[in-house]
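See structure below.
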Amino acid sequence: MNALKINLKNVFNFISEKEFNNLHKKVDEANGLLHNKKGRGNDYLGWVTLPHTVRDEEISRIELLAKSLKKKVEVIVTIGIGGSYLGSRAVLEALNSTFESMGADRNAPLMLFAGQNIGEDYMKELLSFLDDKSYAIIVISKSGTTTEPAIAFRLLKKHLEERVGASEAKHLIIAITDQSRGALRMMSDNKGYQTLVIPDDVGGRYSVLTPVGLVPLAAGGADIRNLIKGAASMEKACSENIPFADNPAAQYAAARYLLYRSGKKVEILANYNHKLHFLAEWWKQLYGESEGKENIGIFPASVDFTADLHSMGQYIQEGERILFETVLSVNKSEHQLTIPSDPEDLDGLNYLSGRNIDSVNKMAELGTLLAHVDGGVPNIRITIPELSAFYLGQLIYFFEKACGISGYLLGINPFDQPGVEAYKKNMFALLEKPGFKEETEKIRKRLV
């Protein structure tokens, strides 16, 4: 079977190929730490072997739950933020029809998301939209007290209970939470919600292949079995026993590390398929939250080409040379659409008549790659055969494994996020949350 491929040809004008190859021992060590669990953050390494250890009975339970929801409702609202939201949305966006429902098949309910922001207009408009719809809620939170999803769940739970009654609403709410602790677990037990468990040893941004990602994906019509199969194939391809020369995740991590050391501080993930926009959003959280610590780390950014070539293209081509690009390329388009001929040819496009649109897009991709390399921007190219659940599973695990290796190469813990708490502390103080009185007074003085 075809597989994800990585092409590093266009980085070796910027880093030494000899140094790259000599890095293999350090990279193999970092990869080994993910398996022997002797590195920092080793309490959160359950994702490393997750693809081949997901139990069939758990997959079957998720599929049955999804099938039941499809029969009951028109709409499903998934509540979550960060890793509790981005992974499932990334896969559904990649698999769905752009102008139809968020579901990956036409028979799936419309999938909407909440709790990823504190937008009053967003929530009001969502509740108004749901007024005449049958809907279910999937709420995802380890603690149940994270501000954004907790606010959304409180509002949506109240709305649903007012619509159908509390006794019926409990059958339309699925909670994905801690096995035994936290506010959402307590509420679920008290109210009688169906629950699935977030594994203790898997952090949010690595949780796509747990119920956190699998439940919304199955409910949205995605083929979760093939997603897991794809991830399992990449797990095998990136294992600690695979030589550096054949290990795509190890090579990606090594190239990023050397580019960073050479002064390339910003990585741009570029795609040429609009369906990969949210895959890039997921990737940004994965790498930003994993690597940005102790005043080091590559800044992850993303662009949607060719659209952003008309906005960000100028800076990428001629701005400060602190950038490198990782290009996501999809070999095969799902559809084929041919450019017609026009007798008048006023737009001058008849030279393209008879070609399908994706062939033009591919030439834009190759032309841009060459231009950016000539302009001093190293390019890593990652190719998958097509947008399918299997290859998205490969891509997700590839990025996860490379991220873990990258973090250990930098010497940081890639599995915590202490900096995220800083804004929360200030926000709670400004909102006068109980227990934050002292901080409230300090912050008010700073804001005068």
**Message:** Here's a check for you: in the stretch 364-419, which residue that is out of contact with any strand residue (DSSP E or B) (no Cβ under 9 Å at 6 or more places or on another chain) and among the hydroxyl-bearing types (Ser, Thr, Tyr) is nearest to PHE299 (Cα to Cα)?
**Reply:** SER406
**Prompt:** Can GLU161 be described as acidic (Asp, Glu), assigned to a helix (DSSP H, G or I), touching a helix residue (DSSP H, G or I) at 6+ places or on another chain (Cβ under 6 Å) and without any contact (Cβ under 8 Å) to a residue 60 or more places away in the chain?
**Reply:** yes
**Request:** Would you tally the residues in the stretch 50-103 being of a type in the set (S, T, N, Q) and crowded, with 18+ Cβ neighbours inside 10 Å?
**Result:** 5
**Prompt:** Being polar (S, T, N, Q), assigned to a helix (DSSP H, G or I) and over 21 Å from the mean Cα position of the chain (by Cα), is that true of even one residue in the stretch 190-199?
**Reply:** yes
**Item:** Residue satisfying all of: in the stretch 151-184; touching a strand residue (DSSP E or B) at 6+ places or on another chain (Cβ under 6 Å) and within 18 Å of ARG61 (Cβ to Cβ); surrounded by the fewest Cβ atoms within 10 Å (Cβ to Cβ) among these
**Value:** GLN179
**Message:** Among the listed residues SER97, SER84, identify the single one that is under 30 Å from GLY119 (Cβ atoms), touching a strand residue (DSSP E or B) at 6+ places or on another chain (Cβ under 8 Å) and of a type in the set (S, T, N, Q).
**Reply:** SER84
**Request:** State whether one or more residues within the stretch 284-300 are out of contact with any His (no Cβ under 7 Å at 6 or more places or on another chain), buried (at least 18 other Cβ atoms within 10 Å of the Cβ), closer than 20 Å to GLY83 by Cα and polar (S, T, N, Q).
**Result:** yes
**Request:** Could you list, in sequence order, all residues of the stretch 242-296 that are hydrophobic (A, V, I, L, M, F, W, C) and touching a strand residue (DSSP E or B) at 6+ places or on another chain (Cβ under 9 Å)?
**Result:** ALA249, ALA255, LEU259, VAL266, ILE268, LEU269, ALA270, LEU276, LEU279, ALA280, TRP283, LEU286
**Fill in**
LYS265 passes all but one of the listed conditions (1) buried (at least 17 other Cβ atoms within 10 Å of the Cβ); (2) more than 20 Å from the chain's Cα centre (by Cα); the exception is number (1)
**Message:** Just to be sure I understand, how many residues within the stretch 297-327 are part of a helix (DSSP H, G or I) and in contact with an Asp or Glu (Cβ under 8 Å, 6 or more places away or on another chain)?
**Reply:** 1
**From GLU334, GLU365, GLU432, residue being in a loop (DSSP other than H, G, I, E, B), within 30 Å of ASN2 (Cα to Cα) and not assigned by TED's automatic domain parsing to the domain that holds GLY204** = GLU334
**Asked** Can you spot a residue in the stretch 14-36 that is part of a loop (DSSP other than H, G, I, E, B), assigned by TED's automatic domain parsing to the domain that holds ILE118 and not β-branched (Val, Ile, Thr)?
**Response** no
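For the stretch 1-13, give me each residue that is surrounded by 13 or more Cβ atoms within 10 Å (Cβ to Cβ), assigned to a loop (DSSP other than H, G, I, E, B) and among the hydrophobic types (A, V, I, L, M, F, W, C).
Of the stretch 1-13, the ones surrounded by 13 or more Cβ atoms within 10 Å (Cβ to Cβ) are 2-8, 10-12.
From what is left, the residues that are assigned to a loop (DSSP other than H, G, I, E, B) are 2-4, 8, 12.
Correct list: ALA3, LEU4, LEU8, PHE12.
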**Prompt:** ARG106 passes all but one of (1) crowded, with 21+ Cβ neighbours inside 10 Å; (2) modelled with pLDDT under 95; which number fails?
**Reply:** (1)
**Asked** Just wondering, is there one or more residues in the stretch 115-133 that are in contact (Cβ under 8 Å) with a residue 60 or more places away in the chain and within 23 Å of GLY204 (Cα to Cα)?
**Response** no
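When you look at LEU392, is it touching a residue at least 40 places away in the same chain (Cβ under 8 Å), in a helix (DSSP H, G or I) and not hydroxyl-bearing (Ser, Thr, Tyr), yes or no? Can you show your working first?
Values: touching a residue at least 40 places away in the same chain (Cβ under 8 Å): yes; in a helix (DSSP H, G or I): yes; not hydroxyl-bearing (Ser, Thr, Tyr): yes.
Criteria met by LEU392.
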**Single condition VAL330 does not satisfy, out of (1) in contact (Cβ under 8 Å) with a residue 12 or more places away in the chain; (2) surrounded by fewer than 16 Cβ atoms within 10 Å (Cβ to Cβ); (3) out of contact with any helix residue (DSSP H, G or I) (no Cβ under 6 Å at 6 or more places or on another chain)** = (2)
**Asked** Any idea which of VAL11, VAL77 is touching a helix residue (DSSP H, G or I) at 6+ places or on another chain (Cβ under 8 Å), over 24 Å from PHE129 (Cβ atoms) and in contact (Cβ under 8 Å) with a residue 60 or more places away in the chain?
**Response** VAL11
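The values are calculated or read from the model by the stated rules, or taken from the named source; none is laboratory data. None of these values were measured; they are calculated from a predicted model. For neighbour counting, all protein chains shown are included, and Cβ atoms are generated from backbone atoms with ideal geometry for every residue, glycine included.
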